[in-house]
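Derivation of every value follows stated rules applied to the coordinates shown; laboratory data play no part. Source: prediction; values computed, not measured. Ideal geometry is used to build each Cβ from the backbone, glycine not excepted, and the neighbour counts take in all protein chains shown.
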């Protein structure tokens, strides 16, 4: 297994992208955990128009912070991080939720999985080994529906398509910096990668319940969310490649 020294010896630049909207209850703990478990990674908090002290607390904790003047939503915030990664020459970028659900201690597993499989993106799945927080019953039903649809559309088995714990290499960073879904992008991003013949693999991780803040999807929005995501990924599957492929296809 690669240790912290090996990451430095390989001269890899790694960026942890932390999208955060009103996460003042947990953002300091997330940054502290990243600093403890992944000292080899730079930390970039995308303060997505928060109306609380999220941005200031993140700065005080020692993270780089980009303050967005208005709330773009998770897609816009994450793409801002990927653009920063692309413009500053990072070899890897990992998404880490600002609510404490993701364990930075699992990042080594994602890095090892990417190097072993050669995948362009590695997704941390809570459902492979079924340890830790497993989501609510109603959301798990929706996730199972998306599992079947994404597997059929891409021909690749996936167990946790809504997981936001994702590690990308340079090719995936370049794509997402130019084109990234909005609203609730995790599922669409898998289809987008497949459209461009980029690969993704899953690695088992353990997730926590959110440590604070409010989920972007309320129970009353769940049905609307499912319908919107299903329609979005079907449309995504029919879209043609853009100019990105001309300069990045191998």
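Over 24 Å, how big is the tail of the calculated P(r) for the stretch 4-241, in percent of all Cα pairs?
41
In whole angstrom, how far apart do the alpha carbon centroids of the stretch 41-81 and the stretch 145-204 sit?
The two parts, judged by their Cα centres, are 23 Å apart.
Could you check the simple spin-label distance between residue 71 and residue 156, using points 7 Å along Cα→Cβ, in nm with one decimal?
Taking the simple label geometry, residue 71 and residue 156 are separated by 3.2 nm.
Evaluate the distance, in nm, between pseudo-label points positioned 7 Å from the Cα of residue 116 and of residue 178 along their respective Cα→Cβ axes.
Result: 3.2 nm between the two label points.
Beta carbons within 10 angstrom, averaged per residue: use that to sort the peptides 162-171, 50-59, 222-231, 82-91, highest first.
The densest-packed peptide leads the list: 162-171, 50-59, 82-91, 222-231.
For the pair residue 12/residue 91, report the inter-label distance in nm, with labels modelled 7 Å from Cα in the Cβ direction.
Output for this residue pair reads 0.7 nm.
Quote to one decimal, in nm, the extra length available between residue 228 and residue 83 on full extension: 0.36 nm per residue of separation minus the C-alpha distance between them.
Extra length from residue 228 to residue 83 when fully extended: 49.6 nm.
What ranking do 179-185, 35-41 get when scored by the average of other Cβ atoms within 10 Å per residue, highest first?
Result, highest mean first: 179-185, 35-41.
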